[in-house]
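Read through the structure below, which is laid out as structure tokens, and then see the notes.
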Amino acid sequence: MIAIVNPELDRYVHDHSEPPPALLDELREFTLAHEPRAVMQVGRVEGSLLRMLVALMQARRVLEIGTFTGYSALSMAEALPPDGELITCDRDPEVVRIARSFFDRSEHGGKIRIALGDALATLRAMPASPAFDLVFIDADKERYPAYYEEALPRLRRGGLIVADNTLWSGEVLAPESADGRAIAAFNDLVFRDPRVEKVMLTVRDGVTLARKR
Ligand SMILES: C[S@@+](CC[C@H](N)C(=O)[O-])C[C@H]1O[C@@H](n2cnc3c(N)ncnc32)[C@H](O)[C@@H]1O
């Protein structure tokens, strides 16, 4: 992944953003040490952004598509009220096992429910009613449009869809790979969608916020 922002500035942003609790630092370090795909983790600044969005939205119910080792899920769960719920979807039992072991050690872990299996099937099995305040999309890139279409009816009015990696290392300017083309198509879909108000942020690999009207 290339840095969208000048690396020195990125470091400065990192150093001047709210530090996460020690358990999240430990999860980050554990993932870096044991998981070859550690680059997929949202990391400290985006994790803090997600936590703040959940707090600002006063969200009670959050849906996450793409758990991996659990960094973003745990970041968001921290900002949920004690009776809040975060459902996080992943199909990989190995990474879910790591995520669960960290959730079990957190005072916020009880708010998290892991849905193991194909995320699109999990979503489609949920009632198509507006149950969620915030949906975070961070799984297979070709399915972003499908996740978005399934998430929108399940989001309350004024609710927020947050999509990760929407600059795809800058490849969106001239997409070459299947994932790059999928992300570019997703960005066009959201931009043209009158059902949402949207803004793209140059945080990490690009983060899109789409607020349901
Ligand atoms: C980019 S990672 C998520 C990173 C995570 N949000 C974090 O901060 O650590 C994407 C995850 O999506 C999962 N995934 C990919 N395709 C999926 C699918 N069709 N259904 C469920 N999970 C899927 C992968 O197993 C992987 O763990």
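The values are calculated or read from the model by the stated rules, or taken from the named source; none is laboratory data. For clarity, every value in this text was computed on a predicted model and none was experimentally measured. Positions of Cβ are backbone-derived with ideal geometry, glycine not excepted, and every protein chain shown enters the neighbour counts.
Filtering the stretch 49-66 to residues that are within 16 Å of the ligand (Cβ to nearest atom) and surrounded by fewer than 24 Cβ atoms within 10 Å (Cβ to Cβ) leaves 49, 51, 52, 53, 66. For the stretch 83-102, the count of residues that are of a type in the set (Gly, Ala, Ser), free of Cβ contacts under 8 Å to residues at least 24 places away in the same chain and surrounded by fewer than 23 Cβ atoms within 10 Å (Cβ to Cβ) is at least one.
Within the stretch 44-99, can you find the residues that are part of a helix (DSSP H, G or I) and basic (Lys, Arg)? Break it down into steps so the answer makes sense when it comes.
As a first pass, look at the stretch 44-99 and keep what is part of a helix (DSSP H, G or I): 44-56, 71-78, 93-99.
Correct list: 44, 51, 97.
Name the strands (runs of 3 or more DSSP E) wholly within the stretch 108-174 that hold at least 1 residues that are farther than 19 Å from residue 57 by Cα? Steps first, answer last, please.
Values: elements: 112-116, 132-137, 155-164.
Because the criterion is at least 1 residues that are farther than 19 Å from residue 57 by Cα, the strands (runs of 3 or more DSSP E) in the stretch 108-174 that meet it are 112-116.
Scanning the stretch 18-49 for residues that are in contact with a helix residue (DSSP H, G or I) (Cβ under 6 Å, 6 or more places away or on another chain) and among the polar types (S, T, N, Q), which turns out farthest from residue 97 (Cα to Cα)? Within the stretch 18-49, the match that is farthest from residue 97 (Cα to Cα) is 41. Looking across the stretch 8-43, the residues that are loosely packed, with under 11 Cβ neighbours inside 10 Å and in a helix (DSSP H, G or I) come down to 8, 9, 15, 22, 33, 34. For the stretch 56-74, the criterion of being modelled with pLDDT of 95 or more, among the basic types (Lys, Arg) and within 24 Å of residue 168 (Cα to Cα) is met by none of the residues.
Going by what's in this entry, would residue 134 be described as surrounded by 23 or more Cβ atoms within 10 Å (Cβ to Cβ) and away from the ligand (no atom under 15 Å from the Cβ)? Give the derivation first.
On the way: surrounded by 23 or more Cβ atoms within 10 Å (Cβ to Cβ): yes; away from the ligand (no atom under 15 Å from the Cβ): no.
So residue 134 does not fit the description; no.
Within the stretch 10-33, residues that are within 15 Å of residue 45 (Cβ to Cβ) reach partners that are assigned to a helix (DSSP H, G or I) and among the hydrophobic types (A, V, I, L, M, F, W, C) with beta carbons closer than 7 Å, at six or more positions or on different chains, in the pairs 13/45; 14/45; 17/45; 24/74. Being under 27 Å from residue 154 (Cα atoms), away from the ligand (no atom under 15 Å from the Cβ) and crowded, with 20+ Cβ neighbours inside 10 Å is the requirement here; does residue 80 meet it? Considered against the rule, which asks whether it is under 27 Å from residue 154 (Cα atoms), away from the ligand (no atom under 15 Å from the Cβ) and crowded, with 20+ Cβ neighbours inside 10 Å, residue 80 comes out as yes.
Please pick out the residue among 141, 111 that is of a type in the set (Lys, Arg), surrounded by 19 or more Cβ atoms within 10 Å (Cβ to Cβ), in contact (Cβ under 8 Å) with a residue 12 or more places away in the chain and within 11 Å of the ligand (Cβ to nearest atom).
Details: 111 fails: within 11 Å of the ligand (Cβ to nearest atom).
Step by step, each of 141, 111 is checked, and only 141 is of a type in the set (Lys, Arg), surrounded by 19 or more Cβ atoms within 10 Å (Cβ to Cβ), in contact (Cβ under 8 Å) with a residue 12 or more places away in the chain and within 11 Å of the ligand (Cβ to nearest atom).
In the set 182, 210, which member is surrounded by 20 or more Cβ atoms within 10 Å (Cβ to Cβ) and among the small types (Gly, Ala, Ser)? Every option except 210 fails the conditions.
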